Amino acid sequence: MNKPMRLAGTAIALALLAPPGHAQSEQALELAGRLYERAGLDAQVKSIPAEFEQGVADYRGNAPDETIAALAEAGKRSFAPELLRAEIVRTLAQKLQAADVREVLAWLEGQVGRRVILAEESAVGSMTQENMNAFLESEKGKPANPKRVALLAELIKATHAVEIGASFIEAISLGVAVGLDATQPAEKRIGVPGLRARLHAAVPPQRLRADLAASLPALYGYMYRGIGDADLAAYAKFNDSALGQRYNEAVTLALVKALGGASVRVGDMLAAPGKGKV
């Protein structure tokens with residue numbers, strides 16, 4: 001037997017002896033990766049570094065330029081889409097059964113699923129203040145549509161939109177605060193728990209979520225402006241189902257966990273020797 005054949009035989013033997021959980025884990029990660037793409041999470045996550053950079057820009061004039069530059073770079077690396085993707089996919093694979101993922105994928109890859117996800121992805125890049133103002137102005141002359149309002153409200157609740165939106169805002173705010181804190185001498189640093197407490201005191205979590213709940217109907221109206229009532233009703237029904245709730249709970253947990261970890265990483269990067277000190 002030549003060497004390549006011996007190596008092939010060894011590989012087969014190892015595969016046969018490998019614990020079944022290993023193969024299942026690889027399969028779970030593959031399925032979760034497909035779900036990440038089909039659910040439009042990629043578009044949402046890719047927008048985060050730019051939002052972090054905007055949050056950092058608000059501090060120009062209050063911190064040295066080199067500190068601002070270091071903070072922006074740390075945020076870009078900490079919230080890197082490929083890093084967040086790996087963390088989100090891993091959590092989805094842990095929290096969702098393979099059978100559930102396949103069912104969700106079947107729905108998302110259907111005609112209605114593709115239309116609503118495309119609308120969500122498109123909105124991420126086009127939801128500027130100017131576009132929102134134009135949309136709201138265009139809605140003023142239209143008759144009230146209680147059914148549409150109810151569908152949007154149902155969808156906001158079923159998809160945990162308030163909690164996910166709050167998690168995005170809190171993660172970016174904490175990341176900026178942690179980064180600035182890390183540039184201070186060690187004896188002057190407040191630390192993550194103290195910073196989180198200060199942020200919550202400045203903007204209480206309940207108030208942030210109440211503000212989001214008030215603003216989301218308009219944002220969702222814009223996002224799904226090209227989606228008909230029938231498609232929207234089907235989407236709301238899917239998200240309201242037992243399967244949809246398991247899916248949305250897993251997505252919410254995955255996003256909150258990944259974003260929270262990224263916030264802390266900003267400080268870790270800037271606290272490294274020679275990084276961003278003032």
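The values are calculated or read from the model by the stated rules, or taken from the named source; none is laboratory data. Small disclaimer: the values here were computed from a predicted structure and weren't measured. Using ideal geometry, Cβ is built from the backbone for each residue, glycine included, and neighbour counts are taken over all protein chains shown. We work out accessible area using only protein heavy atoms, side chains counted, and drop any ligands, DNA or RNA first. Shrake-Rupley method; radii C 1.70, N 1.55, O 1.52, S 1.80 Å.
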Legend entry - Hits in the range 95-104 - residues which are within 14 Å of ALA250 (Cα to Cα) and in contact (Cβ under 8 Å) with a residue 24 or more places away in the chain: LYS95, LEU96, ALA98, ASP100, VAL101, VAL104
Legend entry - Pick from the range 246-272, criterion among the polar types (S, T, N, Q) and closer than 15 Å to LEU35 by Cα, ranking: surrounded by the most Cβ atoms within 10 Å (Cβ to Cβ): ASN248
Legend entry - Subset of the range 56-86 that is assigned to a helix (DSSP H, G or I) and over 22 Å from the mean Cα position of the chain (by Cα) - its residue that is nearest to GLN184 (Cα to Cα): THR67
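On the basis of being in contact with a Leu (Cβ under 7 Å, 6 or more places away or on another chain) and touching a residue at least 12 places away in the same chain (Cβ under 8 Å), does ASP229 make the cut? Lay out the reasoning, then the answer.
On the way: in contact with a Leu (Cβ under 7 Å, 6 or more places away or on another chain): yes; touching a residue at least 12 places away in the same chain (Cβ under 8 Å): yes.
So ASP229 passes the test.
Within the range 153-169, can one find any residue that is on the phi > 0 side of the Ramachandran plot and either in a helix (DSSP H, G or I) or open to solvent by 30 Å² or more (accessible area, probe 1.4 Å) (or both)? Don't jump to the end; show me each part of the working.
Residues of the range 153-169 on the phi > 0 side of the Ramachandran plot: 160.
Then drop every residue that is not either in a helix (DSSP H, G or I) or open to solvent by 30 Å² or more (accessible area, probe 1.4 Å) (or both), which leaves 160.
Yes, there is a match, as at least one residue in the range 153-169 is on the phi > 0 side of the Ramachandran plot and either in a helix (DSSP H, G or I) or open to solvent by 30 Å² or more (accessible area, probe 1.4 Å) (or both).
Show me the helices (runs of 4 or more DSSP H) entirely contained within the range 177-272 in which 1 or more residues are more than 23 Å from the chain's Cα centre (by Cα). Show your work before the answer.
Numbers: elements: 192-202, 205-223, 229-240, 242-271.
Qualifying helices (runs of 4 or more DSSP H): 192-202, 229-240, 242-271.
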Legend entry - Residue that is farthest from LEU84 (Cα to Cα), among those in the range 20-52 that are modelled with pLDDT under 50 and open to solvent by 90 Å² or more (accessible area, probe 1.4 Å): PRO20
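Given the criteria over 30 Å from ALA70 (Cα atoms), open to solvent by 30 Å² or more (accessible area, probe 1.4 Å) and modelled with pLDDT of 95 or more, does ALA197 qualify?
Numbers: over 30 Å from ALA70 (Cα atoms): no; open to solvent by 30 Å² or more (accessible area, probe 1.4 Å): yes; modelled with pLDDT of 95 or more: yes.
Spelling it out, it is not the case that ALA197 is over 30 Å from ALA70 (Cα atoms), open to solvent by 30 Å² or more (accessible area, probe 1.4 Å) and modelled with pLDDT of 95 or more.
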Inset, instruction - State all residues of the range 140-152 that are open to solvent by 70 Å² or more (accessible area, probe 1.4 Å) and either modelled with pLDDT of 95 or more or in a helix (DSSP H, G or I) (or both); if no residue qualifies, say none. - result: PRO146, LYS147, VAL149
Inset, instruction - Please work out which one of (1) open to solvent by less than 50 Å² (accessible area, probe 1.4 Å); (2) under 23 Å from ALA57 (Cα atoms) is the condition TYR222 fails and give its number. - result: (2)
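What number of residues within the range 27-41 satisfy the criterion of being in a helix (DSSP H, G or I) and either on the phi > 0 side of the Ramachandran plot or touching a residue at least 60 places away in the same chain (Cβ under 8 Å) (or both)? Give the steps one after another, and end with the answer.
Applying the first criterion (in a helix (DSSP H, G or I)) to the range 27-41 yields 27-38, 41.
Then drop every residue that is not either on the phi > 0 side of the Ramachandran plot or touching a residue at least 60 places away in the same chain (Cβ under 8 Å) (or both), which leaves 27-29, 31-32, 34-35, 38, 41.
Counting residues in the range 27-41 that are in a helix (DSSP H, G or I) and either on the phi > 0 side of the Ramachandran plot or touching a residue at least 60 places away in the same chain (Cβ under 8 Å) (or both) gives 9.
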Legend entry - Tabulated pairs, the range 43-60, first farther than 14 Å from MET127 by Cα, second modelled with pLDDT of 90 or more and open to solvent by 30 Å² or more (accessible area, probe 1.4 Å), C-beta under 6 angstrom, 6+ apart or interchain: VAL45/PRO81; LYS46/PRO81; PRO49/LYS76
